[in-house]
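Here the structure is laid out as C-alpha cells; the discussion comes afterwards.
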Amino acid sequence: MAGTVLVELREGVLELTLNRPEKLNAFNEAMHAELRAALERAEREETVRAVLLTGAGRGFCAGQDLGERVMGEGDTSPDLGDALERLYNPLVRRIRALPKPVVCAVNGVAAGAGANVALACDIVLAARSATFVQAFTRIGLLPDSGGTWLLPRLVGDARARALVLLAEKVDAETAAAWGLIWKAVDDGRLLEEARALAAGLARGPTRAYAAAKRALQAAWHNGFDAQLDLERDLQRELGRSEDYREGVRAFAEKRAPVFRGR
Ligand code: LHQ
C-alpha cells in the first residue's frame, strides 16, 4: 500500500509529498506519523540538507480529516486539544526548529491546519491556481497549528483578522502580494521551481541556514540587545565552520564556493 507521505531523497533534498489526494491530503493519524518520521530523518541524516513539502493531486492539504473521529464517540465531546498537543503542535514546532531549510510547494488548496503547516515552512511557493483558506471558523474553531501567531506577523493584524474571521479563500498572487508567502509561480512550473530552489539550498551553507533560522525565530520575542547578543554568539560559531572558510576562500579566488554543510 502506498504511504500517506511519499518520501524521496534527491540532490540532498528530502522531498515529502502528502499523499491522500482523494481527501485533498487531509491529515489523519497515519499521515501525521509518517510525516513525523520523515522530518526526524531529515533532522538526523547529514545527507539531507533541505526539505521540500508538497501535495499529490489537486490539493495541498485540507487540514484535519473531518471524517476521522473528530466529533467524539456518541454524545461525548472530542478533546481537540489532545490532537493539537500530540500531533499538530509537534509538527509545526519540528518544521520551525529543523536546522535545515524547509521549502513548501503549495500545489492547490491549503485549508485549515493545512494552510498553517505550509506557512510554518521557511520558503513557501504556490501555484498560481492554489488558494489559502483559514477554514477554521467555518466549522466553529479558531486557527491552530500556529496560525494565530504566524498570520499577524506575516500579513499584519488587519489582514490577519479578516483572514481568520471571514475564512475566505485567498489566491496565490494575493498571498504573495501580502507577504503571506514568498511567491506565486505558474502551475506547470511549480515543482520544477521548488525543486531547483530546494536543491540550491541543499548545496548551501547548512549551518549558516540553521543559525539564521534560529535567530529569525528568536527575533519574534527578543529585544534588540538580546538579538544582537544572539547574533554575536551564533556568528562566533559560524566563524569556526568549514563553510565559512570555504566561502571566504572562494570569494578571494573568484570562484563558486563548494559548501559541505559543516
Ligand atoms: C475532506 C476534507 C477534510 C475530510 C476535503 N476532511 N475530507 C486540528 C485538531 C483537531 C481537530 C480539528 O481540526 C484541527 C485543525 C483543522 O485543520 S480544522 C479545519 C479542517 N479543514 C477544513 O475545515 C476544510 C474542509 N474542506 C473544505 O472546506 C473544502 O474541501 C476545501 C476548501 C479545502 C476545498 O474545496 P473544494 O475544492 O470544493 O473540494 P471539496 O470540498 O469537493 O473536497 C474534495 C473531497 O475532499 C471531498 O470528498 P468527496 O468524497 O465528496 O469527493 C471532501 O469531502 C474531501 N475533503 N477536505 N478536511
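The values are calculated or read from the model by the stated rules, or taken from the named source; none is laboratory data. Model, not experiment: these values are computed from the prediction. Positions of Cβ are backbone-derived with ideal geometry, glycine not excepted, and every protein chain shown enters the neighbour counts.
Checking E29, E11, E45, E40 one by one, the residue that is more than 20 Å from P99 (Cβ to Cβ), surrounded by fewer than 22 Cβ atoms within 10 Å (Cβ to Cβ) and among the acidic types (D, E) is E29 and no other. Filtering the range 106-123 to residues that are in a strand (DSSP E or B) and either more than 23 Å from E45 (Cβ to Cβ) or at pLDDT below 95 (or both) leaves V106, V109, A110, A111.
Restricting G247, G179 to residues that are under 19 Å from K100 (Cα atoms) and small (G, A, S) narrows the list to G247.
Residues that are more than 7 Å from the ligand (Cβ to nearest atom), of a type in the set (A, V, I, L, M) and either over 18 Å from V103 (Cα atoms) or in a loop (DSSP other than H, G, I, E, B) (or both) within the range 124-145 comprise A130, L142, listed in sequence order. Selection within the range 49-93: residues that are touching a residue at least 60 places away in the same chain (Cβ under 8 Å) and more than 15 Å from the ligand (Cβ to nearest atom). The member of this set that is nearest to G108 (Cα to Cα) is T54. Among the residues of the range 155-187, those that are of a type in the set (A, V, I, L, M) and over 23 Å from L197 (Cα atoms) comprise V155, A158, A160, A162, L163, V164, L165, L166, A167, V170. Taking only pairs six or more apart or across chains, which ones have beta-carbon atoms under 8 Å, a first residue in the range 94-119 that is closer than 26 Å to T206 by Cα, and a second residue that is at pLDDT below 95 and buried (at least 24 other Cβ atoms within 10 Å of the Cβ)? Going by the 8 Å Cβ cut-off, there are no qualifying pairs.
Tell me whether the range 152-161 contains one or more residues that are closer than 29 Å to V70 by Cα, within 12 Å of the ligand (Cβ to nearest atom), surrounded by fewer than 18 Cβ atoms within 10 Å (Cβ to Cβ) and not hydroxyl-bearing (S, T, Y). Within the range 152-161 (the criterion being closer than 29 Å to V70 by Cα, within 12 Å of the ligand (Cβ to nearest atom), surrounded by fewer than 18 Cβ atoms within 10 Å (Cβ to Cβ) and not hydroxyl-bearing (S, T, Y)), the answer is no, since none of the residues qualifies. Of the residues examined, A219 is not one that is free of Cβ contacts under 8 Å to residues at least 60 places away in the same chain and within 16 Å of the chain's Cα centre (by Cα).
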